[in-house]
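Undergrad: There's a structure below that I have some questions on.
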Amino acid sequence: MTAINDTLLVSRAALLGDEGAFCQLVEAYQSPIRRFLFNLAEGNEELSKDLAQETFIKAWLNIASFRAAAKFSTWLYRIAYNVFYDHARTAKQTFSIDEVQQFATPAPDADRRMDFAHALGLLKNDERSAMLLFYMEDMSVEKISTVMNCPTGTVKSHLFRGKEKLSVYFKNSGYDK
């Protein structure tokens with residue numbers, strides 16, 4: 001969807017309460033938002049659907065607060081990130097690099113398949129979010145900085161630590177051969 005089209009639909013939804021315009025935005029962004037939340041939720045499809053629904057409800061309820069300082073998609077990802085972070089704040093244990101090495105055991109040759117959901121689960125929420133936005137959603141560091149509401153240097157640190165932890169996990173799991 002183009003930024004001009006997004007702006008027009010957002011304007012119609014915010015100023016006129018046009019539910020049809022908002023439905024068009026939902027249709028355009030529901031797949032990427034669900035994919036993002038699915039990966040953040042470590043492959044939990046039901047949770048990702050619930051979080052996506054909550055994201056779009058919050059977007060509808062707050063559409064009038066959208067100020068176009070960033071693209072609509074960035075604003076929407078920010079809502080999705082916050083919804084996930086609010087959910088995960090009390091529910092997730094994270095691991096250090098040393099602990100990641102303990103979990104990684106080489107897989108038998110017959111069972112060589114990457115378990116990204118498990119590997120991503122070893123990352124802190126911020127590291128996982130930055131990695132998914134950068135590699136899966138193809139966002140720039142600057143845009144991720146806006147979504148995550150942190151400096152670009154912090155995003156780069158999250159990406160570096162995330163890559164390091166995933167590298168250790170996959171290397172110790174025998175995927176480097």
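Undergrad: Computed FRET efficiency, Cβ-Cβ of Tyr85 and Tyr175, R0 35 Å: what is it to the nearest 0.05?
TA: In this case the efficiency is close to 0.75.
Undergrad: Modelling each spin label as a point 7 Å along the Cα-to-Cβ direction, I'd like the Gln30/His118 distance in nm, to one decimal.
TA: Using points 7 Å along Cα→Cβ, the separation is 3.3 nm.
Undergrad: Once you've got the Cα coordinates, tell me which of Lys58/Lys124; Lys71/Lys124; Lys143/Lys171; Lys124/Lys156; Lys124/Lys163 are over 23 Å apart. The partial results should precede the final answer.
TA: Working: Lys58/Lys124 25 Å; Lys71/Lys124 27 Å; Lys143/Lys171 30 Å; Lys124/Lys156 14 Å; Lys124/Lys163 12 Å.
Cα-Cα > 23 Å for Lys58/Lys124; Lys71/Lys124; Lys143/Lys171; rest within.
Undergrad: Whole Å is fine, so just give me how far the alpha carbon centre of the stretch 1-70 lies from that of the stretch 123-177.
TA: Using only Cα atoms, the two centres lie 24 Å from each other.
Undergrad: Another question about this same structure. How large is ³J(HN,Hα), in whole Hz, for each residue of the stretch 138-151 in order, when computed from phi with the Karplus curve 6.51 cos²θ - 1.76 cosθ + 1.60 and θ = phi - 60°, using x for Gly and Pro?
TA: 6, 8, 6, 4, 5, 5, 4, 4, 5, 4, 8, 6, 8, x
Undergrad: Just from the alpha-carbon atoms, what are the Rg and Dmax of the stretch 3-88 in angstroms?
TA: Answer for the stretch 3-88, Rg first and Dmax second: 12.6, 38 Å.
Every read-out reported here was derived from the displayed coordinates using simple, explicitly stated rules and does not represent laboratory data. This is a predicted model, so every value here is computed, not measured. Backbone-built Cβ (ideal geometry, glycine too); neighbour counts: all protein chains shown.
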